[in-house]
Every structure is written in structure tokens, then in C-alpha cells.
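The values are calculated or read from the model by the stated rules, or taken from the named source; none is laboratory data. These numbers were taken from a predicted model, which means no experiment stands behind them. As a convention, Cβ positions derive from the backbone with ideal geometry for all residues, glycine included, and neighbour counts pool all protein chains shown. Side chains are part of the model used for accessible areas, which takes the heavy atoms of the whole protein and leaves out ligands, DNA and RNA. Shrake-Rupley method; radii C 1.70, N 1.55, O 1.52, S 1.80 Å.
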Amino acid sequence: MGLFGRKNDTATATAQAATATAQAAPAAVSPEPAALTGDYTIDASHSTLGFVARHAMVTNVKGSFLDVTGTLHLDGSDPSRSTASLDVRMDSIDTGNADRDGHLKSADFFKTEEFPEMTFRSTEVRALGGDDYRVTGDLSILGTTKPLSIDLEFNGSAKDPFGNERVGFEGKAEILRSDWGLTWNAALETGGVLVSDKIKLNFDISAIRV
């Protein structure tokens, strides 16, 4: 056997020893998505459900809902079997202006005394490639239920200093508020209306494994 065809006995022994050690060692935590399969509770103190509305045709008003609860079931092996559920207290709306918040809670908009909650229940989850997903479900506002699709990006998973296993997602969607009966408006002298029909929704979700 020529020099270039001869096995290096030292290298072979080293490789065999490494293989034996690896087989004897405990399995490491899998980095694969399948390892994330399980049930999660949304951590409201580290999550945001925000919205943006066009005001007077010239600027954006931003706000959020401060009381959001919900659950996720993640299936890392088959994302289509994942589910999401959100419940939002409508009187927790916050735009940084008490008078505006009061108007939004009134009969002109959310009628929070009659309809205290907004809910979302997923009906379909699709993997779009990479870390991107589309969650479609039923959004209920003012007693009206319409489909909504949310594009989400998976931000990763981590164990926090308190031992909680966390996952994070951020996403966005757009709705026409009139589809849910939110039709109040005021005409502008210069043309157009005070509040846009199109509303942009922003999601920043942190959830803890249960």
C-alpha cells in the first residue's frame, strides 16, 4: 500500500475514542424547532399589542393595549398544528392622551362597557420559509368576527435567569376598522377624514413555556 493510501493509526484511534465519548455523553439540548414543541403562556409584561392610525390625513397616532392575555401551542415538527389565542381588555387602551382614550372607549368606537374584550383565535398556521410564519384566525370586535392574517417572525428561544423557557415573535397585520363596525369619523374642511379606516397592528410577543 502506498503512503497516500495508508491509514493513520493515531488519527483512527483518536476518532474512535471521540465517537465512544460522544455516545456515552448525555444528549445535548436540540437546537431544532422540534425541541420547542409545547404549550406557552403570553407574558404580558414583556409583550406589546400596538396599533397605528392615520390622524387628519397628515400624521400617525400610536397606541397599545396594556391588558393582553393568551396562550400558544407550538408544534416545531409540524407548524401547521400550532395554535394561538389572544384576549384583550378593551378598556386597557392607551394612546398617551386620556381624553382620546376616553373617546375610544365610548359608544363612538369600542363601546367597552358593552363589549369589554377583543379576541383572536387561530384557524391556520403556515410556515413561509426561514423564521417567517403566517397565522390566520378569527378576530372578534364589537360582536363581529372576521378573518385576520398576521405575518410573524420567530425571534428565537432562550432560558431566562429565573429558569423560564421563552420564545419570542414579532409581527404585523392591517385591518379596515369599518369591517368590524368601527365607522365613526369626522370630515375635514380640506378634504378627507379625521381618522383613517386602515389600522396597522404590531405584535411583539414573549411567551413562557408551561
Cβ crowding within 10 Å averaged over residues, with 123-131, 67-75 ranked highest first: 67-75, 123-131
Accessible surface, per residue, of the stretch 53-95 when the full set of protein chains is kept, probe 1.4 Å, Å²: 51
Heavy-atom surface of the stretch 132-209, accessible at 1.4 Å and reported per residue (Å²): 54
With every protein chain in place, the stretch 127-210: carbon and sulfur % of accessible area (1.4 Å): 50
Extension reserve of the Ala56-Asn97 stretch, reckoned as 0.36 nm per residue once the Cα distance is removed: 13.1 nm
Reachable lysines from Lys200, criterion Cα separation under 23 angstrom, eight or more residues apart if same chain: Lys62, Lys105, Lys111, Lys146, Lys172
